[in-house]
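Shown next, in structure tokens, is the structure this report addresses.
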2 protein chains.
Amino acid sequence: MRRAVADVSAPSNAWEPTGGSSEGNPRAAEILRESAKLFAANGYDGTSVQDIASAVGIKKASIYHFFSDKAEIHSTIVLASITRLTALVHEKVQGRMTACDKAEAFARAHAQHISESAPFYFTAALGYNEIADPNAKAKVQRMRDGYEETLRGIIREGIENGEFRELDVKLAARAIISCLNWMARWWRPNGPETAESIASNYVKLIIRGFLP
Amino acid sequence: MRRAVADVSAPSNAWEPTGGSSEGNPRAAEILRESAKLFAANGYDGTSVQDIASAVGIKKASIYHFFSDKAEIHSTIVLASITRLTALVHEKVQGRMTACDKAEAFARAHAQHISESAPFYFTAALGYNEIADPNAKAKVQRMRDGYEETLRGIIREGIENGEFRELDVKLAARAIISCLNWMARWWRPNGPETAESIASNYVKLIIRGFLP
DNA sequence: GTCGATATCTATCGATCGGTAGGTTGCAAG
DNA sequence: CTTGCAACCTACCGATCGATAGATATCGAC
């Protein structure tokens with residue numbers, strides 16, 4: 001069966017996916033890019049290795065020269081996405097900012113990743129718990145936990161310095177992340193609003209409920 | 001491939017799924033219940049008709065006596081879920097309540113549906129845009145739109161009567177619904193918190209940002 | 001010019017899947 | 001006692017899928 005999951009037109013990625021067998025190999029990187037587009041559009045099971053090969057313009061067997069199996073392609077994409085996401089968050093959230101500004105920077109970093117790497121992000125967001133390989137799955141889980149913990153730390157900081165009232169940190173972080181994650185289900189690059197402005201507005205709205 | 005999507009132990013449904021070929025047929029209803037469990041746990045493509053038949057305790061071909069194909073089983077489940085959800089919302093949100101109370105009742109109705117029909121809800125929430133049949137898909141889309149519009153109406157009401165400040169109604173409704181929908185990705189019936197209390201706390205937190 | 005590594009190909013396998021054809025059983029109505 | 005139909009069965013088909021085996025092509029190093 002071939003079911004449409006998302007209609008995604010991919011921008012070219014400025015960053016290079018790392019890890020797996022793709023390290024510095026342009027053809028492997030191309031396979032990852034095309035696979036991400038197809039996974040995002042049709043889902044993992046809705047994408048055959050033949051589909052990927054056709055998109056790249058090579059034969060199916062050639063795929064197996066670069067990746068040991070289909071699952072490795074998928075887990076490499078998911079890992080690359082979460083790696084890039086956490087890197088962006090660490091890059092944007094730092095230094096002397098208020099907790100409010102940090103929370104907004106956090107959301108903007110997330111949104112930047114969405115818009116600059118939509119196919120990778122959609123593949124990861126919609127299928128990050130569908131990873132077969134236990135090692136890769138554990139690594140992704142650890143990175144997602146660290147990512148969520150970063151936001152919790154920002155909120156805790158805001159409570160400690162009096163910017164925010166006493167509140168349930170876990171719930172508050174989860175609310176913001178839920179909004180960001182759910183964007184993968186409805187936001188599309190060609191839509192009227194940029195991902196960054198939506199994410200920023202989400203945080204501004206929700207953070208008002210954090211104030212004393 | 002068989003990938004785990006969710007670990008769901010299903011409570012028995014108090015309500016009867018309607019529509020499709022299941023109308024009042026206990027065996028058809030059983031097929032729907034078992035299918036919902038499997039779809040929620042392994043996804044649509046991760047569930048074979050043979051899996052469903054085994055779970056019910058009959059042979060594969062017998063499934064086709066009650067449903068014309070696998071897609072019909074799926075769309076019947078999704079339709080039943082969204083139908084039940086909107087019915088619950090209409091039942092709980094009515095009469096002379098403040099907009100705040102209505103919003104919380106809205107979220108509680110959503111959460112009640114999650115906890116009383118977890119397999120149906122997970123199947124619908126994770127795969128409602130994977131419906132093949134255009135008619136069913138349009139119907140589901142219409143019901144989801146109406147459901148979201150109900151929440152927008154509540155928020156607009158709150159703005160008009162002064163409970164809430166002027167705010168972006170679309171964004172605000174989407175924030176709440178994002179939190180509720182994302183619960184399908186992490187909340188499990190056996191967890192420490194009830195779906196109702198989580199949903200209620202989400203709304204209480206976010207709604208503080210709505211106040212003047 | 002030869003060798004070896006990398007990249008790609010053709011051809012095919014075994015398994016699984018959704019779905020169908022057509023027979024069998026059991027029971028209720030006449 | 002027979003007819004008819006719902007419910008279920010056995011057996012099978014055609015298509016597709018992920019993956020493999022093994023041949024070929026390209027090209028830089030020596």
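The values are calculated or read from the model by the stated rules, or taken from the named source; none is laboratory data. Keep in mind it's a predicted model, so treat the numbers as computed, not measured. As a convention, Cβ positions derive from the backbone with ideal geometry for all residues, glycine included, and neighbour counts pool all protein chains shown. Heavy atoms of the whole protein, side chains included, go into the accessibility calculation; ligands, DNA and RNA do not. Shrake-Rupley method; radii C 1.70, N 1.55, O 1.52, S 1.80 Å.
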Shielding of B:45-58 by partners, i.e. mean partner chain Cβ atoms within 10 Å per residue?
1
Anisotropy class of the protein assembly as shown from Cα gyration tensor, a/c 1.5 cut
oblate
Using a label position 7 Å from Cα in the Cα→Cβ direction, what is the ascending list of nm distances from A:E149 to the same site in the other copies?
4.6
Sort shortest first the distances from B:W186 to its counterpart in every other copy, using label points 7 Å along the Cα-to-beta-carbon line, and give them in nm.
1.9
For a quick protection proxy, order the peptides A:129-136, B:185-192 by their average other-Cβ count within 10 Å, most packed first.
A:129-136, B:185-192
Within 10 Å of each Cβ in peptide A:127-134, how many partner chain Cβ atoms are there on average? Round it to a whole number, please.
3
Give the aspartates and glutamates reachable from B:K137 as a straight Cα distance under 14 Å; neighbours fewer than 8 places away on the same chain don't count.
B:E72, B:D145
Computed for B with A: buried accessible area summed over both chains, 1.4 Å probe, rounded to 100 Å², at 3500
What residues of the stretch B:192-212 lose no less than 50 Å² of accessible area with every protein chain in place versus their chain by itself (probe 1.4 Å, heavy atoms only)?
B:Y202, B:L205, B:R208
Using a 1.4 Å probe on the protein heavy atoms only, what accessible surface does A:H74 show? Give it in Å² to the nearest 10.
10
To check my understanding: the extent here is largest minus smallest coordinate of the Cα atoms along each principal axis. What are those three numbers for chain B, in Å, largest first?
61, 35, 29
If you put a point 7 Å past Cα along the Cβ direction, how far is that point for A:A55 from the same point in each other copy, in nm, smallest first?
2.9
Among the listed pairs A:K102/A:K139; A:K204/B:K102; B:K70/B:K139; A:K37/B:K204; A:K37/A:K60, which have their C-alpha atoms separated by more than 27 angstrom in this model?
A:K37/B:K204
With all protein chains present, how much of the accessible area of chain B (probe radius 1.4 Å) comes from carbon and sulfur, to the nearest whole percent?
49
Helix-only CD estimate at 222 nm, as mean residue ellipticity for chain B, using -39500 (n - 2.57) per DSSP H run (n ≥ 4):
-22000 deg cm²/dmol
Area accessible to solvent at A:C100, 1.4 Å probe radius, in Å²
40
Using Cα springs under 10 Å in a Gaussian network model of chain B, which residue among B:G162, B:G95, B:G153 shows the largest mean-square fluctuation?
B:G95
Helix axis angle, B:70-92 relative to chain B longest principal axis, alpha carbon, degrees:
30
Could you tell me how many degrees, from 0 to 90 and to the nearest 10, lie between the Cα long axis of helix B:99-116 and the main elongation axis, the longest principal axis, of the Cα atoms of chain B?
20
